[in-house]
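The values are calculated or read from the model by the stated rules, or taken from the named source; none is laboratory data. Values in this document were obtained by computation on a predicted structure and should not be read as measured data. Don't worry about glycine lacking a Cβ; one is built from the backbone with ideal geometry, like all the others, and counts go over all protein chains shown.
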Amino acid sequence: MQILLVNPPIYDFTCYDYWLKPLGLLYVASFLRKNGIGFDFFDFMDRRSPFLEKKNKSKFLSTGKFRKEDAAKKDIFAWFKRPYFRYGVSKEKFLEFISNKSYDFLFITSMMTYWYEGIEEVIETVKDKNPDVKTIVGGVYAKLLPEHAKNLGCNFVFSGNVEELYQFLKDNTDIYVKKSFKLEELIPSYDLYKDLESAAVLTQVGCPYRCTYCAVPILNNTFYSLPFENILKQLDLLESLNVKDVTFYDDALLFKKEKHFLPLFEKIIEKNYSFRFNFSNGLHTRFIEKDVVDIFKKLNLGMLSLSIESVSKDILTKTGNKINLDEIERALNLLLKNGFDGRKIFCYILVGLPDERIEDVIDTARYLKEKRVRIVLNEFTPVPKTELYDRYKKIITDPLLTNKSVFSSYYKYSEEELQNLKNLVRSFNWETKRYYERV
Ligand code: SF4
């Protein structure tokens, strides 16, 4: 039985490697190994892949640019003037990798629903050489748009999580699996990479909140923590692989911090790992208190991010009330009073929410500029199955239209307005940088 696991290339207007790792696929690899099943692995989005002729140098905190090439836009984007790219290892190198091999099963993972062209490409390429190969697509796109995935030519759409993979394979394939495993019994197979600079770790699954624009609670309708022992084993593996930067993919890392974050990170600190720690999934300002700040101070901290979204009370309330203005103010003041460098505090703002005015975004950016922290604009896009998606589903005739670079221009702001916003934020961040260089 020959199996190939693939993280596909990305088609988009823009794409940058902020610790993008196919964590779900690495869990699947771990599951297969535990069942004694061999496989090949190919990650198009590995910036240090041996299949890249030229590797782009890493920038700050092991982030960096992906290899890219021009890509043809589908007709649906004809009105949108920006150039379109295919990111990742070339198709030619992938063909070299699969030449002389024949596969029975192709497992492909997926992330954004508007990145499905990469999956399409991989299926076509592998099927061309292996017409009988059976394809299984899993991951975010498969879970949110299973019908669309079927129409792409996938034989099976796996919309469960890795704990349900055993039953899925038994019911749908002739792959012999001996045993099911819980997530806590698996360690993502990062050792599949020959040269690993950064990695992502998950310590809790799901999120207890229900924000109107977010698919996390739909992707995991549960919220639980992994045992500390399992998390430390994951970190031990990353240390043995000489990883420089670790980030956490958790969506509610600080929730009930007395039971999870605080004792877990005390243990992590005791282990004295050599990597930098990054918190790239926005943390809840509500839970940033002295005890959390004290942990951050003891860590070799690369960056931390806060989900600010907006300083408009109306928007915060309408989108789910996950934080309020007092909490934002208190958290920022606490971090800054404790000597944190504002350039390391990434504050995410959402742009393009329904009912939002462009002035709301500008006010939020101005507020953060006064605090001297780093501002990051995140363009809102409706994610299938979320509450806000319903408002737009009539105009979304193709998932490509939910591309984050496109959607706001498609229905809300002009390209010029968006560019002005981006320029404003760039100038604010520049002022903050200059400020810290002077002090
Ligand atoms: S936006 Fe954050 S807090 Fe809200 S549901 Fe999603 S992950 Fe949870």
For this session: Of the numbered conditions (1) at positive phi; (2) under 23 Å from the mean Cα position of the chain (by Cα), VAL205 fails exactly one; give the number of that condition.
Result: (1)
Problem set entry | Pair list, Cβ < 9 Å and 6+ apart or interchain, from the range 203-215 residues that are touching a residue at least 60 places away in the same chain (Cβ under 8 Å) and of a type in the set (Phe, Trp, Tyr) to residues that are assigned to a loop (DSSP other than H, G, I, E, B) and near the ligand (Cβ under 7 Å from one of its atoms) | TYR209/ASP251; TYR209/ALA252; TYR209/HIS284; TYR209/GLY320; TYR209/LYS322; TYR213/GLY320
Exercise. If you check every pair at least six apart or on different chains, which have Cβ atoms under 8 Å apart with a residue in the range 216-232 that is within 30 Å of GLU270 (Cα to Cα) first and a residue that is in a strand (DSSP E or B) and more than 12 Å from the ligand (Cβ to nearest atom) second?
Worked result: ILE231/VAL201
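Which one of PHE428, PHE407 is within 21 Å of TYR213 (Cα to Cα) and part of a helix (DSSP H, G or I)?
Values: PHE428 fails: within 21 Å of TYR213 (Cα to Cα).
Just a single option satisfies the conditions, and that option is PHE407.
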For this session: With respect to LEU219, determine if the residue is within 15 Å of the ligand (Cβ to nearest atom), under 30 Å from TYR392 (Cβ atoms) and in contact with a helix residue (DSSP H, G or I) (Cβ under 9 Å, 6 or more places away or on another chain).
Result: yes
Exercise. If you scan the range 279-311, which residues turn out to be within 16 Å of the ligand (Cβ to nearest atom) and in a loop (DSSP other than H, G, I, E, B)?
Worked result: HIS284, ILE288, SER310
For this session: Tally the residues that are buried (at least 19 other Cβ atoms within 10 Å of the Cβ) and within 17 Å of TYR190 (Cα to Cα), restricting the search to the range 244-274.
Result: 4
For this session: Within the range 158-168, identify whether any single residue is hydroxyl-bearing (Ser, Thr, Tyr), modelled with pLDDT under 95 and not in a helix (DSSP H, G or I), and answer yes or no.
Result: yes
For this session: Sort out which residues of the range 175-200 are of a type outside the set (Ser, Thr, Tyr) and free of Cβ contacts under 8 Å to residues at least 60 places away in the same chain, and write them in order of number.
Result: LYS182, GLU184, ASP191
For this session: Please find, among LYS233, LYS257, the residue that is more than 25 Å from GLY160 (Cα to Cα) and either more than 9 Å from the ligand (Cβ to nearest atom) or over 14 Å from the mean Cα position of the chain (by Cα) (or both).
Result: LYS257
Problem set entry | Answer residue from the range 188-215, given it is part of a loop (DSSP other than H, G, I, E, B) and away from the ligand (no atom under 16 Å from the Cβ) and is surrounded by the fewest Cβ atoms within 10 Å (Cβ to Cβ) among those | LYS194
For this session: Answer yes or no as to whether LEU418 is buried (at least 18 other Cβ atoms within 10 Å of the Cβ) and in contact (Cβ under 8 Å) with a residue 24 or more places away in the chain.
Result: yes
Exercise. LEU418 fails exactly one of the following numbered conditions: (1) within 19 Å of PHE77 (Cβ to Cβ); (2) over 24 Å from the mean Cα position of the chain (by Cα). What is the number of that condition?
Worked result: (2)
Exercise. For the range 77-113, how many residues are surrounded by 23 or more Cβ atoms within 10 Å (Cβ to Cβ), closer than 24 Å to LYS393 by Cα and not β-branched (Val, Ile, Thr)?
Worked result: 1
For this session: Inspect all residues belonging to the range 81-102 and state whether any of them is assigned to a loop (DSSP other than H, G, I, E, B), closer than 21 Å to ASN281 by Cβ and not assigned by TED's automatic domain parsing to the domain that holds VAL406.
Result: no
For this session: Within the range 352-375, identify whether any single residue is under 29 Å from SER62 (Cα atoms), within 20 Å of the chain's Cα centre (by Cα) and either surrounded by 15 or more Cβ atoms within 10 Å (Cβ to Cβ) or touching a residue at least 12 places away in the same chain (Cβ under 8 Å) (or both), and answer yes or no.
Result: yes
Problem set entry | Which numbered condition ILE136 misses (of (1) touching a strand residue (DSSP E or B) at 6+ places or on another chain (Cβ under 6 Å); (2) in a helix (DSSP H, G or I)) | (2)
